[in-house]
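Read the structure below first, then the notes.
The values are calculated or read from the model by the stated rules, or taken from the named source; none is laboratory data. What you see is a predicted model, and the numbers here were worked out from it, not measured in a lab. In this analysis, Cβ positions are derived from the backbone assuming ideal geometry, glycine residues included, and neighbour counts consider all displayed protein chains. In case anyone asks, the SASA skips ligands and DNA or RNA and just uses the protein heavy atoms, side chains included. Shrake-Rupley method; radii C 1.70, N 1.55, O 1.52, S 1.80 Å.
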Amino acid sequence: KRLCETAAMSVQVVAAKMAEVELKDVPTGKDLPAESPVTPTSDGKNLARNDPHEAGSSAAASPTAEPPAKAGEGSLGLLTPNPAKMPQASAMKRLDPQQNGGEAFVNRDGTVAEAPRMKKQIQFADQKQEFNKRPSKIGRRSLSRSISQSSTDSYSSAASYTDSSDDETSPRDKQQKNSKGNGDFCIKNIKQADFGRREIEIAEQEMPALMALRKRAQGEKPLAGAKVVGCTHITAQTAVLMETLSALGAQCRWAACNIYSTQNEVAAALAEGGFSVFAWKGESEDDFWWCIDRCVNVEGWQPNMILDDGGDLTHWIYKKYPNMFKKIKGIVEESVTGVHRLYQLSKAGKLCVPAMNVNDSVTKQKFDNLYCCRESILDGLKRTTDVMFGGKQVVVCGYGEVGKGCCAALKAMGSIVYVTEIDPICALQACMDGFRLVKLNEVIRQVDIVITCTGNKNVVVREYLDRMKNGCIVCNMGHSNTEIDVASLRTPELTWERVRSQVDHVIWPDGKRIVLLAEGRLLNLSCSTVPTFVLSITATTQALALIELYNAPEGRYKQDVYLLPKKMDEYVASLHLPTFDAHLTELTDEQAKYLGLNKNGPFKPNYYR
């Protein structure tokens, strides 16, 4: 008995000493213990640690061989000794002198001696089974898809439920109803409504003007009787706008203006709240127009107001249901693309209702377009590519308010920024702001990132795409997907490889690849989120424009495109000032008379932008 106790103590002493010695010989995979050395984590999974010193101490302290771990059960194993299973002296002799370098013997005096070790290269059983097998093409797609899903889930509220759903059934093939039995909607999954409601509640805290407008005008119901059909990005911020319009008396039906920007959980919350919403993230082109048609073509309900972002809804009604314009009182358009379409209709004499140009209002141009893009461009690029901006050469096509915001953000991060521009005034602004004005073909071979924000078409054509350097990132910050000639890349000689959600590698035959984000669609709302506070400014402007057009006496607005009155711009701005504890200075009567202004405004002429 004393001999056994002495031997056990000697084993522990030798094990402790050997833990301090650098391991020169390590066991083969088949000798690694399967149970005792593995420490489970709190979630039940086994962790792996590649520490040669710990491996040495484990090997010395556990000379008995246990069955090897099965593949998938703690594949590498945490090599730490388990005192509860410390072997006794009687079990010290190894079964195979070749395993782990030799045998261990207990001498008569109780000491432990070990034969000289033979060097072995470490090799784990799971590695043989798993890593020697190269994934098939389908397997690679599945792997990249799972990586993209987990990466977007961990980053963005916009993607938290959207990309993690295992249900591949098209929402058009589902029959869904909310808790009240209403099924007049088409979304991804109504069960996500609770999560979407929390998103909306968070957004409300950053949208003070809309909440103030809801509180002030709720008793008057200025939109009572209004039937608003909308086509915008369906996000938490849009949901606050829709619920505000509803509180002011309007009925709403809504579709998405972008196939990638819909937050599925927010759409579910709106559907649960009784709104007729037809949208989900990842729609096809056919789905996109189908959703718009479901909003418009409904029995017993006809819109009398349009809220559009991009002009697609207006275009669809003109094309399919032109008679509806007999009852429509006006159109409110947010984007530069949609405004261009409205001006074209007006010039051709085909615009049959008044339209309000929100895009060129001061509150949209100088806040949403500038400050929103200044913050969201970096967010979108980081989430999709993990790129470091310092020292990168970037060309920004267009130096309007969106371009100004993008350039300012990239310059602040240490990027070398070039600008292309057609307008001499904007071009001069770029030069005065310290950016080099170039033609795209002069820098296309050397830049690391290409960003379009012109509102035009064919800004980056196939010729430029062919000349780009390997790994060049290409993205769009304009509303429409026409700026980058993505269609020219869908040819047999080029290979498309999806590496993340909204991230594609387009590979040339020589191996060169470019990184295309969101298939050339709007980067920030497709791949990330945007600052809520700035969207509060735009959404409040849209709500006031709807109220103005709906309540305007007949004859005030003709069949033309109008800017929002400056008095309303200033009112929207004033609603946001209390957030900053800001205090306006008031003009004296003498000062107001000197300037020829009303003390209460407007302080800018109507032509000011």
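Below are the figures for this structure:
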{"item": "Scope the range 312-363; condition open to solvent by 30 Å² or more (accessible area, probe 1.4 Å) and under 30 Å from S574 (Cβ atoms); matching residues", "result": "K329, V336, Y343"}
{"item": "Any hit, the range 152-170, residues being open to solvent by 90 Å² or more (accessible area, probe 1.4 Å), modelled with pLDDT of 50 or more and part of a helix (DSSP H, G or I)", "result": "no"}
{"item": "Test result for V572, in the same structural domain as Q218 (by the TED database) and modelled with pLDDT of 95 or more", "result": "no"}
{"item": "Close pairs from the range 523-541: first touching a residue at least 60 places away in the same chain (Cβ under 8 Å), partner of a type in the set (K, R) and in a helix (DSSP H, G or I), Cβ under 7 Å, at least 6 apart", "result": "C527/R383; S528/R383; T538/K364; T541/K364"}
{"item": "For S526: the one exception among (1) open to solvent by 10 Å² or more (accessible area, probe 1.4 Å); (2) small (G, A, S); (3) modelled with pLDDT under 95; (4) farther than 22 Å from A247 by Cβ", "result": "(1)"}
{"item": "First in the range 335-352 and free of Cβ contacts under 8 Å to residues at least 60 places away in the same chain and in the same structural domain as W316 (by the TED database), second anywhere and open to solvent by 30 Å² or more (accessible area, probe 1.4 Å) and part of a helix (DSSP H, G or I), Cβ under 7 Å, 6 or more apart", "result": "R341/H315"}
{"item": "Subset tally (residues that are of a type in the set (V, I, T), in a loop (DSSP other than H, G, I, E, B) and surrounded by fewer than 17 Cβ atoms within 10 Å (Cβ to Cβ)) for the range 410-456", "result": "2"}
{"item": "Of the criteria (1) touching a residue at least 40 places away in the same chain (Cβ under 8 Å); (2) farther than 28 Å from C373 by Cα, which one P509 fails", "result": "(1)"}
{"item": "Residues of the range 552-609 that turn out to be surrounded by fewer than 16 Cβ atoms within 10 Å (Cβ to Cβ), of a type in the set (V, I, T) and under 42 Å from the mean Cα position of the chain (by Cα), as a count", "result": "2"}
{"item": "Some residue of the range 391-398 being open to solvent by less than 30 Å² (accessible area, probe 1.4 Å), in the same structural domain as S501 (by the TED database) and more than 27 Å from R498 (Cα to Cα)", "result": "yes"}
{"item": "Failed item in (1) in contact with a helix residue (DSSP H, G or I) (Cβ under 9 Å, 6 or more places away or on another chain); (2) outside any loop (DSSP other than H, G, I, E, B); (3) in contact (Cβ under 8 Å) with a residue 40 or more places away in the chain; (4) not basic (K, R), with D466 passing the rest", "result": "(1)"}
{"item": "Single residue of the range 290-311 satisfying the filter (surrounded by 17 or more Cβ atoms within 10 Å (Cβ to Cβ) and among the hydrophobic types (A, V, I, L, M, F, W, C)) that is farthest from L544 (Cα to Cα)", "result": "C291"}
{"item": "So V402, is it in contact (Cβ under 8 Å) with a residue 40 or more places away in the chain and more than 24 Å from V534 (Cβ to Cβ)", "result": "no"}
{"item": "Helices (runs of 4 or more DSSP H) lying entirely in the range 182-256 (those with 2 or more residues that are at pLDDT below 95, more than 27 Å from T314 (Cα to Cα) and open to solvent by 10 Å² or more (accessible area, probe 1.4 Å))", "result": "208-217"}
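Residues checked against (1) among the polar types (S, T, N, Q); (2) within 17 Å of V336 (Cβ to Cβ); (3) at pLDDT 95 or above; (4) more than 20 Å from the chain's Cα centre (by Cα):
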residue: N369; (1), (2), (3), (4): yes, yes, no, no
residue: C372; (1), (2), (3), (4): no, yes, no, no
residue: M388; (1), (2), (3), (4): no, no, yes, no
residue: V394; (1), (2), (3), (4): no, no, yes, yes
residue: C397; (1), (2), (3), (4): no, yes, yes, yes
residue: K404; (1), (2), (3), (4): no, yes, yes, yes
residue: C407; (1), (2), (3), (4): no, no, yes, yes
residue: L410; (1), (2), (3), (4): no, no, yes, no
residue: V417; (1), (2), (3), (4): no, no, yes, yes
